[in-house]
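The values are calculated or read from the model by the stated rules, or taken from the named source; none is laboratory data. Not measured: the values here are computed from a predicted model. Every residue, glycine as well, gets a Cβ built from its backbone with ideal geometry; the counts of neighbours run over all protein chains shown.
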Amino acid sequence: MSTPLLEVRDLAKHFPSRGGQADVQAVDGVSFDLRAGESLGLVGESGCGKSTLARTILGLEAPSRGTVHFDGQSLGELSRKSWKAIRRRMQVVFQDPFASLDPRQSVLSILTEPLVIHGLFKPRERRLRALALLDAVGLGAQHLHRFPHEFSGGQRQRIGIARALALEPELLVCDEPLSALDVSIQAQIVNLFVELRQRFGLAYLFIAHDLAVVRKLCDRVAVMYLGRIVEIAESEDLYAEPGHPYTRALFSAIPVPDPRAPRPRAAGLRGEVADPRERPTGCAFHPRCPRAEEVPEARCRREGPALLPRRMNANGPARTMACHLAPAGQAER
Amino acid sequence: MTAVLEVEDLAVSFPSRGKPVRAVDELSLSLEAGETLGLVGESGSGKTVTALAALGLLPRSSRVRGRILFDGRDLLTLPEREWRRVRGNRISMVFQDPMTSLNPLLTIGRQLEEVFECHRSLPRRQARTASIAALGEVGLPRPEARMDAYPHELSGGMRQRVLIAMALACRPSVLFADEPTTALDVTIQAQILDLLGRMQRESAMAVVLITHDLGVVASSCDRVHVLYAGRSMETARTDPLFAAPMHPYTSGLLRSVPRLDDPRDQPLPTIAGHPAVADGRREGCPFEPRCPHAALPCRTDPIPLVALPGGRASACSRPDALRELEARGTR
Ligand SMILES: Nc1ncnc2c1ncn2[C@@H]1O[C@H](COP(=O)(O)OP(=O)(O)OP(=O)(O)O)[C@@H](O)[C@H]1O
Ligand SMILES: Nc1ncnc2c1ncn2[C@@H]1O[C@H](COP(=O)(O)OP(=O)(O)OP(=O)(O)O)[C@@H](O)[C@H]1O
Ligand SMILES: [Mg+2]
Ligand SMILES: [Mg+2]
């Protein structure tokens with residue numbers, strides 16, 4: 001197999017605490033691969049470390065441990081200059097279209113700034129490039145000289161995406177890019193993400209709480225719990241049958257837009273939401289797991305389960321899971 | 001049932017360089033004790049402004065007309081010093097943006113304690129105990145340890161739960177919750193919505209739930225009010241609204257929600273065009289430029305909210321055109 005575009009190995013980010021408390025193990029040993037052109041969803045409990053993981057991959061936080069390789073190059077060992085070259089190839093879209101654009105810059109200058117920084121295109125061509133970018137996100141030329149406050153939330157998010165596309169990245173990291181938008185605009189942006197992927201062969205690392213959107217956009221989905229990945233599977237498989245008990249709880253809590261449907265509830269989740277300062281022993285999910293008793297000899301409490309392949313296909317493992325329960329994945333619902 | 005809060009013909013406008021922005025236009029709604037009213041609509045349709053009006057938090061520059069009745073008084077005429085007894089106490093709000101509504105320089109514990117000290121006049125010690133309990137109620141792990149955390153040390157979802165704890169601290173009669181669970185994962189969302197439901201049963205708190213998640217509306221609202229460009233498009237009980245929307249905008253919204261059983265390889269249906277600017281145009285329907293059923297009168301005639309059987313109302317001059325289309329199964 002060819003080198004993955006992104007190779008994350010045992011990545012960890014711990015934040016020191018004040019006052020002698022234990023460190024916050026926001027991300028604690030995450031490994032996964034992302035192939036070129038692939039779209040990987042990242043979901044999980046609020047506070048489980050999704051944003052921190054994304055920020056560490058992007059080099060916005062220094063890892064406490066582990067490595068990130070982009071196209072075979074180790075990001076930890078790069079010189080400033082090579083960093084700049086790599087940064088061109090991985091871009092980010094944040095949740096908040098309001099906070100992420102400079103209110104004093106016109107759209108033209110927002111879109112050409114990355115080109116100037118990286119010395120791309122002749123000055124005269126940059127304007128044309130900006131127009132092409134606007135067009136790619138479904139905005140017309142009349143918007144070029146307007147300022148962020150003159151746009152609706154959806155339009156601003158499009159501008160944020162256009163800016164991220166300016167350097168023709170191969171990887172777009174999106175941290176909840178849709179949650180500030182209303183439904184009709186969300187649908188437009190979801191379709192835009194799908195289209196951009198088809199047109200430019202972009203790979204996505206896509207963080208979202210809306211699992212229906214993730215299903216629409218992602219080939220594979222990684223489920224995180226307390227700083228670690230507990231399950232990665234191809235979307236079709238995962239949505240047809242969530243494997244890990246946490247994934248099941250998560251999926252059972254999805255609200256369905258139908259008032260006749262049963263009220264969503266997090267099936268069987270016991271006890272308190274987890275705290276990354278106090279990682280439980282063994283499997284971090286065991287105090288809340290509805291099925292921990294099924295495993296003999298309190299193994300879930302004593303021993304952390306490894307992330308192991310459960311089902312293979314042509315691309316490698318179709319489902320990987322960290323759970324002591326019987327080689328399920330096929331377990332009954 | 002008795003209404004705890006009644007909004008009558010509310011109109012809010014903001015001066016701007018051109019024509020004033022008419023953020024809310026002739027909006028009427030009534031809220032019963034213990035019920036949850038969903039407020040949905042396009043970005044910029046006036047949801048937050050409506051809530052701010054009911055909390056007396058609109059900027060001075062705004063112009064407000066209409067009445068908001070609470071406890072036999074019109075809140076819009078309340079002097080500021082009396083507001084302090086109502087706001088945060090009898091009527092409270094969870095704000096849309098958790099980062100700007102917490103003070104970055106104070107620990108979250110201090111900020112919560114202040115609520116208890118000011119509104120419930122608890123001494124510091126008791127305020128602390130009450131604050132820890134309040135954080136536990138919204139499912140924050142290890143609430144006692146979190147008391148000393150600063151807002152930036154919490155994840156987005158944790159900050160949101162702190163705000164919810166602050167808003168519920170005084171057991172208000174009316175809560176405006178502005179996108180309270182948008183930043184949360186679905187399990188914590190379910191937990192928060194359960195908590196709100198429990199508080200409603202215990203203390204008959206009424207909730208105005210502002211959200212763009214129609215799944216949340218379906219699972220937790222008794223009634224829904226659909227806004228567009230500051231105007232009411234449709235209002236109905238939740239079940240009939242989802243079963244048979246009577247306004248093309250509502251119908252468009254419902255269609256564009258991604259569902260878990262959609263075909264994965266087809267684009268989502270969208271509502272074409274861009275959200276309207278609330279420019280205060282009085283004639284015609286504000287949704288007309290994006291409406292698939294629009295006809296000439298939609299642009300020129302006044303389109304009032306018309307009462308329909310079953311306690312619903314819709315502001316569409318061509319409800320039959322919509323019904324025809326729905327019948328052909330385009331939903
Ligand atoms: N600068 C920081 N200092 C200390 N702790 C931090 C810091 N940033 C994040 N954390 C902690 O790290 C954990 C993970 O936070 P992160 O923002 O990555 O979560 P998340 O999965 O993105 O959550 P959400 O879905 O709510 O956005 C949280 O417990 C948070 O409190
Ligand atoms: N302080 C203000 N000055 C001028 N215009 C304002 C002000 N506050 C709100 N507006 C305008 O009033 C209209 C309604 O805004 P509001 O915040 O109520 O929308 P919303 O329905 O809450 O939207 P969203 O879903 O994006 O939060 C918008 O056109 C907005 O630009
Ligand atoms: Mg986050
Ligand atoms: Mg708002």
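Restricting to the range A:10-52, give me the number of residues that are within 14 Å of chain B (Cβ to nearest Cβ), in a strand (DSSP E or B) and either more than 17 Å from A:THR320 (Cβ to Cβ) or more than 15 Å from ligand 1 (Cβ to nearest atom) (or both). Adding up the residues that qualify gives 8.
Please go through the range B:181-195 and give me each residue that is away from ligand 2 (no atom under 16 Å from the Cβ), in contact (Cβ under 8 Å) with a residue 12 or more places away in the chain and not β-branched (Val, Ile, Thr), ordered by number.
B:LEU184, B:ASP185, B:GLN189, B:GLN191, B:LEU193, B:LEU195
Examine the range A:326-333 for a residue that is modelled with pLDDT of 80 or more and either within 14 Å of chain B (Cβ to nearest Cβ) or out of contact with any helix residue (DSSP H, G or I) (no Cβ under 6 Å at 6 or more places or on another chain) (or both), and state whether such a residue exists. No, there is no match, as no residue in the range A:326-333 is modelled with pLDDT of 80 or more and either within 14 Å of chain B (Cβ to nearest Cβ) or out of contact with any helix residue (DSSP H, G or I) (no Cβ under 6 Å at 6 or more places or on another chain) (or both). Do we have B:LEU112 as away from every other protein chain (no Cβ under 13 Å) and within 16 Å of ligand 4 (Cβ to nearest atom) here? No, not satisfied. Any chance you could count how many residues in the range A:184-197 are out of contact with any Pro (no Cβ under 9 Å at 6 or more places or on another chain) and within 7 Å of another protein chain (Cβ to nearest Cβ)? Within the range A:184-197, residues that are out of contact with any Pro (no Cβ under 9 Å at 6 or more places or on another chain) and within 7 Å of another protein chain (Cβ to nearest Cβ) number 1. Checked against (1) within 20 Å of A:GLU168 (Cα to Cα); (2) touching a residue at least 24 places away in the same chain (Cβ under 8 Å), A:ALA85 passes all but condition (2). Among the numbered conditions (1) touching a residue at least 24 places away in the same chain (Cβ under 8 Å); (2) assigned to a loop (DSSP other than H, G, I, E, B); (3) more than 7 Å from every other protein chain (Cβ to nearest Cβ), the only one that A:CYS300 does not meet is (2). Any residue at all in the range B:157-180 that is facing chain A (nearest Cβ under 7 Å), in a helix (DSSP H, G or I) and either surrounded by fewer than 22 Cβ atoms within 10 Å (Cβ to Cβ) or free of Cβ contacts under 8 Å to residues at least 60 places away in the same chain (or both)? Looking for residues that are facing chain A (nearest Cβ under 7 Å), in a helix (DSSP H, G or I) and either surrounded by fewer than 22 Cβ atoms within 10 Å (Cβ to Cβ) or free of Cβ contacts under 8 Å to residues at least 60 places away in the same chain (or both), one finds at least one in the range B:157-180, hence yes.
Of all residues in the range A:216-230, those satisfying the criterion of being touching a residue at least 40 places away in the same chain (Cβ under 8 Å) and not in a loop (DSSP other than H, G, I, E, B) are A:LEU217, A:ARG220, A:VAL221, A:ALA222, A:VAL223, A:MET224, A:TYR225, A:ARG228, A:ILE229, A:VAL230. Can you say whether A:VAL24 is more than 16 Å from ligand 3 (Cβ to nearest atom) and in contact with a Phe, Trp or Tyr (Cβ under 8 Å, 6 or more places away or on another chain), as far as the supplied structure shows? So A:VAL24 fails the test. A count restricted to the range A:43-83 and to residues that are farther than 21 Å from B:PRO141 by Cβ, within 13 Å of the chain's Cα centre (by Cα) and among the aliphatic types (A, V, I, L, M) stands at 3. Restricted to the range A:270-285, and to residues there that are without any contact (Cβ under 8 Å) to a residue 60 or more places away in the chain and buried (at least 23 other Cβ atoms within 10 Å of the Cβ), the residue that is farthest from B:ALA190 (Cα to Cα) is A:CYS283.
Scanning the range B:133-151 turns up at least one residue that is of a type outside the set (D, E, K, R), more than 14 Å from chain A (Cβ to nearest Cβ) and either crowded, with 20+ Cβ neighbours inside 10 Å or touching a helix residue (DSSP H, G or I) at 6+ places or on another chain (Cβ under 7 Å) (or both).
Limited to the range B:7-64, what total is found for residues that are away from ligand 2 (no atom under 12 Å from the Cβ), small (Gly, Ala, Ser) and under 20 Å from B:SER314 (Cβ atoms)? Result for the range B:7-64: 3.
With respect to the conditions (1) out of contact with any Asp or Glu (no Cβ under 6 Å at 6 or more places or on another chain); (2) farther than 30 Å from B:LEU154 by Cβ; (3) within 11 Å of chain B (Cβ to nearest Cβ); (4) part of a loop (DSSP other than H, G, I, E, B), A:TYR239 lacks only one, and its number is (4). If only residues of the range B:18-45 that are closer than 20 Å to B:VAL257 by Cβ and small (Gly, Ala, Ser) are counted, the one that is modelled with the highest pLDDT is B:GLY38.
Mind telling me which of the residues B:VAL64, B:VAL49 ends up being more than 16 Å from ligand 3 (Cβ to nearest atom) and modelled with pLDDT of 95 or more? Show your work before the answer.
Details: B:VAL49 fails: modelled with pLDDT of 95 or more.
So the residue among B:VAL64, B:VAL49 that is more than 16 Å from ligand 3 (Cβ to nearest atom) and modelled with pLDDT of 95 or more is B:VAL64.
Table: residues versus (1) surrounded by 13 or more Cβ atoms within 10 Å (Cβ to Cβ); (2) touching a residue at least 60 places away in the same chain (Cβ under 8 Å); (3) closer than 20 Å to A:GLN155 by Cα.
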| position | (1), (2), (3) |
| --- | --- |
| A:ARG104 | no, no, yes |
| A:LEU108 | yes, no, yes |
| A:LEU111 | yes, no, yes |
| A:HIS118 | yes, no, no |
| A:GLY138 | yes, no, yes |
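Residues of the range B:14-33 that are surrounded by fewer than 18 Cβ atoms within 10 Å (Cβ to Cβ) and of a type outside the set (Asp, Glu): B:PHE14, B:PRO15, B:SER16, B:ARG17, B:GLY18, B:LYS19, B:PRO20, B:SER28, B:SER30, B:ALA33.
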